[in-house]
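Heads up: the structure comes next, in structure tokens.
The values are calculated or read from the model by the stated rules, or taken from the named source; none is laboratory data. Since we're looking at a predicted model, the values are computed, not measured. Cβ sites come from the backbone with ideal geometry, for glycine too, and all protein chains shown count toward neighbours.
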């Protein structure tokens, strides 16, 4: 077993970015993303990382700089949260439309108003259709690992797509915990130098970002969609080759206690770890429940998800974001849609929980599981107090 | 006045190809063509959204014989900054060969003085080694002649129309070159395609500058200003000769008028051919004229002081 | 439903034409719709606009691809734009031309072809070459989708008093002078190109744009052969072309450096011949030439 090191999760992320030998980092400070970029600035200032660190005047410019540098052939990185992501929004769509393989860590935080600096997934869900590969991690080790995986994947010539790694703000990003790192030699072996097919250079001029008339736009979008779906294979490959390097294996849908399960929790991000503990306790009490954690949100793992829920009677889907006035949380809405054509599809109970940093405890998961009713609206905004009254 | 034949000394090579879809007589397309001639082949262009972007890149066609990227409206300076920093480190790490490559950011007056001002200020402040060119046609021409902060006082646009209760643009033109100068950057200049040799000299200086350089080029817009397409060059000259748009440069803070004007022409000579000023009352014109003369004297004083 | 397509150039008022016609139909209690072709077209570029007229409410939100009537506001368009594209076999073609309608007969079964010298009328009455209202006079005369009085009412509503009067005068003159060919009366053996779209006089080849049917989209719609806009001939936008008098030319290069379209290049003798494939006819060269060696001449017409 490799030696484990204690590290704040944000610093682990910075360590991985450093080991990926990025050429350029452009970022603008926003809580709770700051620790990652501060540490990267230190690495550059101390000469541990030979990269440009550009402290820009806005998130909009952070991503703009990365687009420019990536188009010039430099491996680039940025990192943001919440309002910062919202400000970047238009550029997220452009980055993927231009097929620039950037990697961004999104330290998830709720969107204002009311202002909250704490964690939920409303930021990333606001750009759900931005066309990036979107991954979620559960712990510091996974974040560290997924930085390598993300670059490997993004720069794969068969993929050429930017990647967002979602990490929960504070409750994960600011936690000091143990993890294993890989050596620089292993890092080099896993991640070859960035070799883009086209770059901005006078030796071979290209035009990037032309405007299209209706005769081409649909085709361009269709290719984007097909490419994003087709990245599923390379995602599996990237996970596999990472396992060879690190010994840790990852899957688009992580399964725990799913054998003979009658009910399944489905969740994304770090709260899946608490949910796993809750499921473990319920199993010990003889309750046939299990847990699915979506690691890959885009491309959406339709086939794997359908396989994983076969035979299950009820899904308890926990969303960390709300579609106000809509069908509930985005995760549940998408799973419902994915299962619509299935025979014997399970009942779905959707909880919107953990908004703006509200804690979800083991007891909460058990309460959610023991509630039998499905609201007419198909979802419930879980606020603990109500749950206590019901219990 | 330079020799009539002197323009023949300018490079014959074109980098902004024919077949672009700018309006006939477009002063902005002409300025772009002249600028790219001088910058030559070792350049990368980051363009903001706007007329020049639309007319030069209707997929699958492109008029850019040099590497060119368009990302969005407000971020040409930031994209250029990323390219510049990307090239710098790739060269330093030996991943690409070391050579001088000019990184040019270009935008219209909206992409410079309005929506693009923040990204531009950031890039100038961080001292990126880029050349930023504002092609100023004094309104949002691409979307149909809406006012910008660079629209001159009194000009009628579709969002500052001359009506019964309002006589066109209510606010004076934002002084972008002064804003650039305030960033303490090494080179700032104004230019006009009606003075191709002056423009060429400034583009050369700007490209040779280490650190940020800012060029502000008045780009006559026949469609938006309401003039015939063949009057573009004349209007550019009148803007300079009337003191409306003086040609000068600011090198390390030192001002120099590069196209001296002995006696300013009356501003009416410049206004008269343009539909956008046609509604102005003589008193308003007199007031504008007064203002232009004051600003001209101020500029002359600054220029005399440093020369 | 009657579907009408207008062909003009950006800035010539093709949209106004369509709207005036729709307005006229509305005053007659009919239903109508007018809209432009949406795009980045610039002044001088070929553009289209559309009008639909019906007795019933119009519930279509599509472009008109099979019009009943086509109006051509600018005869120079005939060289580059396939104006009869999709025109119904029973359709009507109305062209601004000095020539008679028999010059525009081609192997297309049409109902009527009409011509009127709209440019001539425009220059005479309006003092500038704006033909949009004038063509409506020819339309009323040829097919009468609305009454002449409805159009004049629409013009009065839209323009100020002075311009309305001038436009109505021009409209009425066009109504009188329109020449109409009833195709069923026309000998069929002559249904062929009467006037091929060949290059005329000084104005060198201006080709229609080739539309590629298949393009491999590169990553991110990136263009790998930039500078390829040269395959797009903006010379087709031109209404006037520059003619150089070599006797007066001093080879100074002013025309070359001041051309927004890079249409001038120096030849081996030191002259600067213009490439009419790209010249948009702005006239800067003629205006700025220090010796007055360049004259702008009006483009000649061509057949369909």
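Below are the figures for this structure:
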{"quantity": "Residues located in segment A:129-165, provided they are away from chain C (no Cβ under 14 Å), in a loop (DSSP other than H, G, I, E, B) and either over 11 Å from the mean Cα position of the chain (by Cα) or surrounded by 24 or more Cβ atoms within 10 Å (Cβ to Cβ) (or both)", "calculated": "A:129, A:130, A:137, A:139"}
{"quantity": "Meets criteria (under 28 Å from residue C:220 (Cβ atoms), assigned to a helix (DSSP H, G or I) and either at pLDDT 95 or above or outside the structural domain of residue A:295 (by TED's automatic domain parsing) (or both)) for residue A:272", "calculated": "no"}
{"quantity": "Criterion violated by residue C:302 - all others in (1) away from every other protein chain (no Cβ under 11 Å); (2) touching a strand residue (DSSP E or B) at 6+ places or on another chain (Cβ under 7 Å); (3) at pLDDT 95 or above; (4) in a loop (DSSP other than H, G, I, E, B) satisfied", "calculated": "(3)"}
{"quantity": "Selection count, segment C:162-179, where residues are part of a helix (DSSP H, G or I), touching a strand residue (DSSP E or B) at 6+ places or on another chain (Cβ under 6 Å) and crowded, with 18+ Cβ neighbours inside 10 Å", "calculated": "1"}
{"quantity": "Of residues in segment B:70-93 being without any contact (Cβ under 8 Å) to a residue 12 or more places away in the chain and facing chain A (nearest Cβ under 7 Å), the one surrounded by the fewest Cβ atoms within 10 Å (Cβ to Cβ)", "calculated": "B:93"}
{"quantity": "Flag if residue B:136 is under 19 Å from the mean Cα position of the chain (by Cα), modelled with pLDDT of 95 or more, more than 7 Å from chain A (Cβ to nearest Cβ) and surrounded by fewer than 24 Cβ atoms within 10 Å (Cβ to Cβ)", "calculated": "no"}
{"quantity": "Residue list for segment B:95-117, filter: within 11 Å of chain A (Cβ to nearest Cβ) and either in contact with a strand residue (DSSP E or B) (Cβ under 8 Å, 6 or more places away or on another chain) or more than 15 Å from residue B:211 (Cα to Cα) (or both)", "calculated": "B:95, B:96, B:97, B:99, B:101, B:102, B:103, B:105, B:115, B:116, B:117"}
{"quantity": "Looking only at segment C:1-41, and only at residues there that are in contact with a helix residue (DSSP H, G or I) (Cβ under 6 Å, 6 or more places away or on another chain) and at pLDDT below 90, the one that is farthest from residue B:53 (Cα to Cα)", "calculated": "C:13"}
{"quantity": "Condition met for residue C:128 (over 16 Å from residue C:300 (Cβ atoms), in contact with a helix residue (DSSP H, G or I) (Cβ under 9 Å, 6 or more places away or on another chain) and part of a helix (DSSP H, G or I))", "calculated": "no"}
{"quantity": "Residue in segment C:34-44 that is farther than 29 Å from residue C:98 by Cβ, surrounded by fewer than 24 Cβ atoms within 10 Å (Cβ to Cβ) and more than 14 Å from chain B (Cβ to nearest Cβ) present", "calculated": "yes"}
{"quantity": "Complete set of residues in segment C:20-33 that are assigned to a helix (DSSP H, G or I) and either without any contact (Cβ under 8 Å) to a residue 60 or more places away in the chain or within 14 Å of chain B (Cβ to nearest Cβ) (or both)", "calculated": "C:22, C:26"}
{"quantity": "One residue from B:96, B:54 being touching a residue at least 60 places away in the same chain (Cβ under 8 Å) and surrounded by fewer than 24 Cβ atoms within 10 Å (Cβ to Cβ)", "calculated": "B:54"}
{"quantity": "Residue tally, condition free of Cβ contacts under 8 Å to residues at least 12 places away in the same chain and surrounded by 13 or more Cβ atoms within 10 Å (Cβ to Cβ), over segment A:222-232", "calculated": "1"}
{"quantity": "Those strands (runs of 3 or more DSSP E) lying entirely in segment A:1-110 with at least 2 residues away from every other protein chain (no Cβ under 14 Å), touching a residue at least 60 places away in the same chain (Cβ under 8 Å) and in contact with a strand residue (DSSP E or B) (Cβ under 9 Å, 6 or more places away or on another chain)", "calculated": "A:4-8, A:103-108"}
{"quantity": "Residue list for segment B:177-195, restricted to those being surrounded by fewer than 22 Cβ atoms within 10 Å (Cβ to Cβ) and touching a strand residue (DSSP E or B) at 6+ places or on another chain (Cβ under 6 Å)", "calculated": "B:177, B:181"}
{"quantity": "Subset of segment A:281-301 [under 27 Å from residue A:149 (Cβ atoms) and more than 17 Å from the chain's Cα centre (by Cα)]", "calculated": "A:290, A:291"}
{"quantity": "Test set (1) surrounded by 24 or more Cβ atoms within 10 Å (Cβ to Cβ); (2) within 29 Å of residue B:195 (Cα to Cα); (3) over 14 Å from the mean Cα position of the chain (by Cα); (4) within 9 Å of another protein chain (Cβ to nearest Cβ) - residue B:124 fails condition number", "calculated": "(4)"}
{"quantity": "Complete set of residues in segment B:1-47 that are surrounded by fewer than 24 Cβ atoms within 10 Å (Cβ to Cβ), more than 11 Å from chain C (Cβ to nearest Cβ) and touching a strand residue (DSSP E or B) at 6+ places or on another chain (Cβ under 9 Å)", "calculated": "B:39, B:40, B:42, B:43"}
{"quantity": "Residue among B:200, B:269 that is touching a helix residue (DSSP H, G or I) at 6+ places or on another chain (Cβ under 7 Å) and surrounded by fewer than 16 Cβ atoms within 10 Å (Cβ to Cβ)", "calculated": "B:269"}
{"quantity": "Test: residue in segment C:277-286 that is more than 10 Å from chain B (Cβ to nearest Cβ) and either over 29 Å from the mean Cα position of the chain (by Cα) or surrounded by fewer than 23 Cβ atoms within 10 Å (Cβ to Cβ) (or both)", "calculated": "no"}
{"quantity": "Elements of type helices (runs of 4 or more DSSP H) contained in segment B:170-282, each with 1 or more residues being in contact (Cβ under 8 Å) with a residue 40 or more places away in the chain", "calculated": "B:176-182, B:196-208, B:222-225, B:232-241"}
{"quantity": "Failed criterion for residue B:158 (all others in (1) free of Cβ contacts under 8 Å to residues at least 24 places away in the same chain; (2) farther than 20 Å from residue B:26 by Cβ hold)", "calculated": "(2)"}
{"quantity": "Selection status of residue A:219, without any contact (Cβ under 8 Å) to a residue 24 or more places away in the chain, assigned to a helix (DSSP H, G or I), surrounded by fewer than 18 Cβ atoms within 10 Å (Cβ to Cβ) and over 21 Å from the mean Cα position of the chain (by Cα)", "calculated": "yes"}
{"quantity": "Candidate set from segment A:194-212 (those that are without any contact (Cβ under 8 Å) to a residue 60 or more places away in the chain and more than 7 Å from every other protein chain (Cβ to nearest Cβ)); member that is farthest from residue B:84 (Cα to Cα)", "calculated": "A:195"}
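Residue-by-condition table, conditions (1) at pLDDT below 90; (2) within 15 Å of residue B:63 (Cβ to Cβ):
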{"position": "C:201", "(1), (2)": "yes, no"}
{"position": "C:206", "(1), (2)": "yes, no"}
{"position": "C:210", "(1), (2)": "yes, no"}
{"position": "C:226", "(1), (2)": "no, yes"}
{"position": "C:238", "(1), (2)": "yes, no"}
{"position": "C:241", "(1), (2)": "no, no"}
{"position": "C:250", "(1), (2)": "no, no"}
{"position": "C:255", "(1), (2)": "no, no"}
